[in-house]
Amino acid sequence: MPLQLYTVTQAGLALVAACLSEIAVAQTRVPTVQGIYTCVDGTGRKITSDRPIAECLDRVQREINPSGTVRRVLPPQLTPPERAALEEKEKVAAEVRAREAEDKRRDRALLLRYPTRDLHDKERAEALSQVGEVIKASNKRSQELAEQRKAIHADLEFYKDTPGRAPASLKRRLEENDSSVAMQKRFISEQDAEKKRVNRRFDDELLKLKQLWATSGAVVPGKPAPAPVAAKK
């Protein structure tokens, strides 16, 4: 056989084989089975379609298999107000979950910081002691200001009959003393309020800690430790 004829024959055979292969593949392909959508519209009319039904977007639709079974149920689409209400509800629920998670985290941290009542009582005493030292220093400063005021009044005695002749520097010292005394009174009042705040904080913590200690089985002073459980033989 001539070489040229042989080459053409080989090419023809290859083309035929390719065509047969495509035919075989096409025969094995399974056509996509489309479901049938069905619903009952607002007038009570039953509607069917091969795609989601626009007239029933506000109500339940069902996609039916060719066998007659329900493939899936499409819920009604929400109106803008309904969607906004749902989003707000989900937002509130998420905030509640976040708040509960934060409360649990805070409780765990509190229990780790104060595993016993003694530690909590000790830290309360230290906090109050610090405020007490500040008040003590402020009271000392108030006493110093009182002594300064006595000295200023003693100097003013020279001008009791002619107060207008009193030196401006002496009057300024008296004004500065009055201002400092008022400032110390305000500061002491603020520290008294701080003591109350510290006690409130530790009282609130103690109330929560008693619950946490009871849950965790921690031993609280004044409360007998649980009896050991005998090992089973």
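The values are calculated or read from the model by the stated rules, or taken from the named source; none is laboratory data. Computed from a prediction, not measured in an experiment: that's the story for all the values here. Methodologically, a virtual Cβ is constructed for each residue, glycine included, from the backbone with ideal geometry; neighbour enumeration extends over all protein chains shown. Accessible surface areas use protein heavy atoms only, side chains included; no ligands, DNA or RNA. Shrake-Rupley method; radii C 1.70, N 1.55, O 1.52, S 1.80 Å.
See the values below:
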read-out: Simple label model, 7 Å out from Cα along Cβ direction - Glu147 to Leu57, nm; value: 8.8
read-out: Virtual paramagnetic centre 7 Å along Cα→Cβ of Met183, amide N under 16 Å, in segment 150-173; value: 172-173
read-out: Two-site label geometry, Arg200 and Glu82: point separation in nm, points 7 Å out along Cα→Cβ; value: 4.8
read-out: Prolate/oblate/rounded call for segment 54-93, Cα gyration tensor, a/c under 1.5 rounded; value: oblate
read-out: Estimated FRET transfer efficiency (Phe158, Glu123; beta-carbon r; R0 45 Å; 0.05); value: 0.25
read-out: Cα gyration tensor category, rounded, prolate or oblate, for segment 66-115 with a/c compared to 1.5; value: oblate
read-out: Glu144 - accessible surface, heavy atoms, 1.4 Å probe, Å² rounded to 10; value: 80
read-out: Cut-off 13 Å between beta-carbons: net charge of the residues surrounding Leu128, Lys and Arg +1, Asp and Glu -1; value: +1
read-out: Listed residue pairs exceeding 18 Å between alpha carbons, taken from Lys140/Lys196; Lys136/Lys196; Lys122/Lys195; value: Lys140/Lys196
read-out: Paramagnetic label zone (point 7 Å from Cα along Cα-to-C-beta, Asp192; backbone N under 18 Å) in segment 105-129; value: 128-129
read-out: Rounded to the nearest 10 Å², the accessible area of Thr215 at probe 1.4 Å; value: 120
read-out: Amide H contacts of Gln61 (H built 1.01 Å from N, under 5 Å, at least 5 apart or other chain); value: Leu74
read-out: Local electrostatic count, Ala154, Cβ distance below 14 Å [Lys/Arg +1, Asp/Glu -1]; value: +1
read-out: Net charge of neighbours whose Cβ lies under 11 Å from the Cβ of Val70, counting Lys and Arg as +1 and Asp and Glu as -1; value: +2
